[in-house]
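Below is one structure, written out as structure tokens, with a few remarks after it.
The values are calculated or read from the model by the stated rules, or taken from the named source; none is laboratory data. This is a predicted model, so every value here is computed, not measured. A quick note on method: Cβ atoms are made from the backbone with ideal geometry, for glycine too, and the neighbour counts reach across all protein chains shown.
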Amino acid sequence: MHISEFDYELPSELIAREPVRPRDASRMMIVDRQSNTFSDSKFANLPDLLQCGDVLVINDTRVIKARLYGTLRRRDGTVRAVEVLFANPTATATWEVLCKPGRRIRPGDQVSFGDGAVTATFGEGRDHGLRLLHFETSESIPELLERYGHVPLPPYMQRPDSATDAAEYQTVFASHPGAVAAPTAGLHFTAGVLERLSQRGIEIVHITLHVGIGTFLPVRVDDPRTHQLKPEMFEISEPAANRLRTARTEGRRIIAVGTTSTRTLEYVMHRHGSFIADSGYADLYILPAFKFTAIDGLLTNFHLPRSTLLMLVCAFASQDLIFKAYSHAIEQRYRFYSYGDCMLIL
């Protein structure tokens, strides 16, 4: 296996830098694994394309304002602007962060936010370019992020976040803060679509996986199997696990909304052999040849070349079918990535 096998060329104008409005107006490609075919549709048609009794599993994580712009003061006296992405808490007042630029930051260097209102000190470096950042404040870090932070839009959008992103880069069912990126397949849903799904007898189950940098870190090795996937915090409640077990026993389809829901469900199933209530850090890395035991369908957006997300989708359907579908999407001018269109694989 070589990383180049998961590469493709995408015209830059097909990268969605703004969301479709309304959310459910996006396009949706339907991919049939059994017939090895695909067809064009619209997301608004989703309730009519599913069966009564199907279970949709959604990720109800909420994106935090994880990107801050501050002033770096190095121990050698130099000062410069710095961008800090808050990736993961390790203690009450200590977080793992990514910095841009960050190569010359050393332990003991300081950064201030909010025109000097808040100061923190850098600690040791970690894997994946992360480093520790220690605060000395009585205020919680989530409160500081909410006050001074920005919506962490992906870099490929090539624009600063706007006031509308605070709502639009968030699913309508987001309820548990902790993600540094949106579970993008969920961005298409509206209250109206959820109501129509309920009326059609389609069950909706909530789980949580706080999307972290592990989801979007680039694969920098030639052999994807040697890539290290950073674990992400998840939770499946007892009621959710009970409903999933019942659906499985009754032979009803379980359809994951997004790669994050997929990895959470498959992690728990592979760990325990059943859907049970569980929480912790999921580190399941899904590549082609993976044996899926938890899900029967997947709703997902179109993903970056050479990404772990694209590899997961290629594992669920055949790699050949997915790349043919992607070629068709490019020809038909689908919109790609976080604010883009979606694909329903059944």
Which numbered condition VAL55 misses (of (1) closer than 18 Å to MET28 by Cβ; (2) surrounded by 20 or more Cβ atoms within 10 Å (Cβ to Cβ)): (1)
Subset tally (residues that are surrounded by fewer than 13 Cβ atoms within 10 Å (Cβ to Cβ) and farther than 28 Å from ALA163 by Cα) for the range 108-137: 4
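Can you list the strands (runs of 3 or more DSSP E) found entirely within the range 100-180 that contain at least 3 residues being within 16 Å of VAL82 (Cβ to Cβ) and modelled with pLDDT of 90 or more?
Hits in the range 100-180: 110-113, 118-125, 131-135.
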Within the range 291-343, tally of residues that are over 27 Å from ILE204 (Cβ atoms), of a type in the set (Phe, Trp, Tyr) and surrounded by fewer than 19 Cβ atoms within 10 Å (Cβ to Cβ): 1
Filter result (within 18 Å of GLY273 (Cα to Cα), acidic (Asp, Glu) and within 17 Å of the chain's Cα centre (by Cα)) within the range 216-262: GLU235
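Yes or no, residue by residue, for (1) within 19 Å of the chain's Cα centre (by Cα); (2) of a type in the set (S, T, N, Q):
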position: LEU98; (1), (2): yes, no
position: GLY114; (1), (2): no, no
position: ALA117; (1), (2): no, no
position: THR121; (1), (2): no, yes
position: ARG131; (1), (2): no, no
position: HIS134; (1), (2): no, no
position: ARG159; (1), (2): no, no
position: SER162; (1), (2): no, yes
position: VAL172; (1), (2): yes, no
Sole residue being basic (Lys, Arg), touching a strand residue (DSSP E or B) at 6+ places or on another chain (Cβ under 9 Å) and more than 26 Å from TYR169 (Cα to Cα), chosen from ARG62, ARG67, ARG106: ARG106
Out of THR190, THR262, sole residue that is within 19 Å of THR293 (Cβ to Cβ), β-branched (Val, Ile, Thr) and at pLDDT 95 or above: THR262
Single unsatisfied condition, THR71 versus (1) outside any loop (DSSP other than H, G, I, E, B); (2) within 23 Å of THR260 (Cβ to Cβ): (2)
Qualifying positions in the range 220-255 - surrounded by 20 or more Cβ atoms within 10 Å (Cβ to Cβ), touching a residue at least 60 places away in the same chain (Cβ under 8 Å) and not in a helix (DSSP H, G or I): ILE254, ILE255
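With the requirement that a residue be among the β-branched types (Val, Ile, Thr) and in contact with a helix residue (DSSP H, G or I) (Cβ under 7 Å, 6 or more places away or on another chain), what does the range 261-296 give you? Please lay out each step first, then the result.
First pass over the range 261-296, keeping only residues among the β-branched types (Val, Ile, Thr): 262, 264, 268, 276, 286, 293, 295.
THR262, ILE276, ILE286, THR293, ILE295, listed by residue number.
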Top-ranked residue in the range 15-38 [being over 19 Å from the mean Cα position of the chain (by Cα), aliphatic (A, V, I, L, M) and part of a strand (DSSP E or B); ranked as surrounded by the most Cβ atoms within 10 Å (Cβ to Cβ)]: VAL31
Test result for ASP278, under 23 Å from ASP54 (Cα atoms) and among the charged types (D, E, K, R): yes
Cβ-Cβ under 6 Å pairs, at least 6 apart or on other chains, the range 84-96 side without any contact (Cβ under 8 Å) to a residue 40 or more places away in the chain, far side part of a strand (DSSP E or B) and crowded, with 20+ Cβ neighbours inside 10 Å: GLU96/ALA87; GLU96/ASN88
Of the criteria (1) at pLDDT 95 or above; (2) out of contact with any Lys or Arg (no Cβ under 9 Å at 6 or more places or on another chain); (3) among the polar types (S, T, N, Q), which one GLN51 fails: (2)
Any chance TYR169 is under 25 Å from PHE234 (Cβ atoms) and aromatic (Phe, Trp, Tyr): yes
Identity of the residue in the range 275-290, small (Gly, Ala, Ser) and in a loop (DSSP other than H, G, I, E, B), that ends up surrounded by the most Cβ atoms within 10 Å (Cβ to Cβ): ALA277
GLY102 surrounded by fewer than 21 Cβ atoms within 10 Å (Cβ to Cβ) and more than 30 Å from ARG196 (Cα to Cα): yes
Among (1) over 11 Å from the mean Cα position of the chain (by Cα); (2) buried (at least 18 other Cβ atoms within 10 Å of the Cβ); (3) not basic (Lys, Arg), the one test that ALA185 misses: (1)
